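Below is one structure, written out as structure tokens; comments come after it.
The values are calculated or read from the model by the stated rules, or taken from the named source; none is laboratory data. Every value quoted in this text rests on a predicted model; they were computed, and no experiment measured them. Heads up, the Cβs are rebuilt from the backbone with ideal geometry, glycines too, and the neighbour counts pull from every protein chain shown. Remember, those area values only see protein heavy atoms, side chains included, never the ligands or the DNA or RNA. Shrake-Rupley method; radii C 1.70, N 1.55, O 1.52, S 1.80 Å.
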Amino acid sequence: VISVGIEAGILLLSSQYWGKKDTESIRKIISIGMIFSVSLGIIFTTVCALVPRQVIGIFTNEAAVIDNGVEYISVICYSYIFFCITQALIASMRSVESARIGLLVSLASLVTDVALNYVLIFGKLGFPALGVHGAAIATLIARILETAIIFIYVRFYDRKLRFRFSLILHPDRSIFKDLVKYG
């Protein structure tokens with residue numbers, strides 16, 4: 001939910017600047033959004049990796065559910081960082097009227113996740129049946145794939161925005177307040 005808020009802030013502010021064709025300001029917004037997104041992903045990954053039983057315990061007190069949940073979340077938590085990066089970059093592409101890439105990334109991720117779930121949960125194509133653990137691995141792989149696709153697109157194919165990942169190291173503080181306010 002927090003990631004969606006960051007994404008909305010990026011989209012809202014960047015769209016305004018896109019109307020002015022001010023891509024430099026959009027790049028600044030994205031760099032700050034990426035910092036927020038990656039920080040969020042790191043926080044949630046760390047919490048879930050360190051205390052998965054307590055995190056699952058928030059939602060249920062059934063021992064079997066907690067045991068399966070711990071097995072799942074212990075792997076899936078590493079996908080949070082990838083998810084946050086992907087969503088921030090997809091929002092930035094939507095803000096400059098390049099929405100198709102978001103659809104293609106999501107479709108590639110969905111197909112990968114479903115196919116790998118089939119293979120890894122049930123042990124098909126010579127793989128061992130991993131059950132819940134296999135479902136988590138499938139989703140992690142799908143998230144890594146979607147991040148790789150959007151990263152490659154933004155770095156090598158995007159001609160509208162020309163975002164440079166080095167901007168993340170030097171965020172513009174003047175836009176920070178607006179992103180926090182609207183996000």
Check your understanding: Yes or no: Phe83 surrounded by fewer than 17 Cβ atoms within 10 Å (Cβ to Cβ), assigned to a helix (DSSP H, G or I) and aromatic (Phe, Trp, Tyr)?
Key -> no
Of Ala115, Ala88, Ala108, the only residue that is out of contact with any Pro (no Cβ under 6 Å at 6 or more places or on another chain), under 25 Å from Ala8 (Cβ atoms) and free of Cβ contacts under 8 Å to residues at least 60 places away in the same chain is Ala108
When restricted to Leu89, Leu107, the only residue part of a helix (DSSP H, G or I) and either among the aromatic types (Phe, Trp, Tyr) or out of contact with any helix residue (DSSP H, G or I) (no Cβ under 8 Å at 6 or more places or on another chain) (or both) is Leu107
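Yes/no per residue for (1) open to solvent by 40 Å² or more (accessible area, probe 1.4 Å); (2) outside any helix (DSSP H, G or I); (3) among the β-branched types (Val, Ile, Thr):
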{"site": "Glu7", "(1), (2), (3)": "no, no, no"}
{"site": "Gln16", "(1), (2), (3)": "yes, no, no"}
{"site": "Glu24", "(1), (2), (3)": "yes, no, no"}
{"site": "Ile29", "(1), (2), (3)": "no, no, yes"}
{"site": "Ile35", "(1), (2), (3)": "yes, no, yes"}
{"site": "Thr46", "(1), (2), (3)": "yes, no, yes"}
*Quick check: is even one residue across the range 64-80 in contact (Cβ under 8 Å) with a residue 60 or more places away in the chain, more than 30 Å from Ile30 (Cβ to Cβ), hydroxyl-bearing (Ser, Thr, Tyr) and out of contact with any Ser or Thr (no Cβ under 7 Å at 6 or more places or on another chain)?*
yes
Could you tell me whether any residue of the range 107-117 is modelled with pLDDT of 95 or more, at negative phi, open to solvent by less than 60 Å² (accessible area, probe 1.4 Å) and under 12 Å from the mean Cα position of the chain (by Cα)?
-> yes
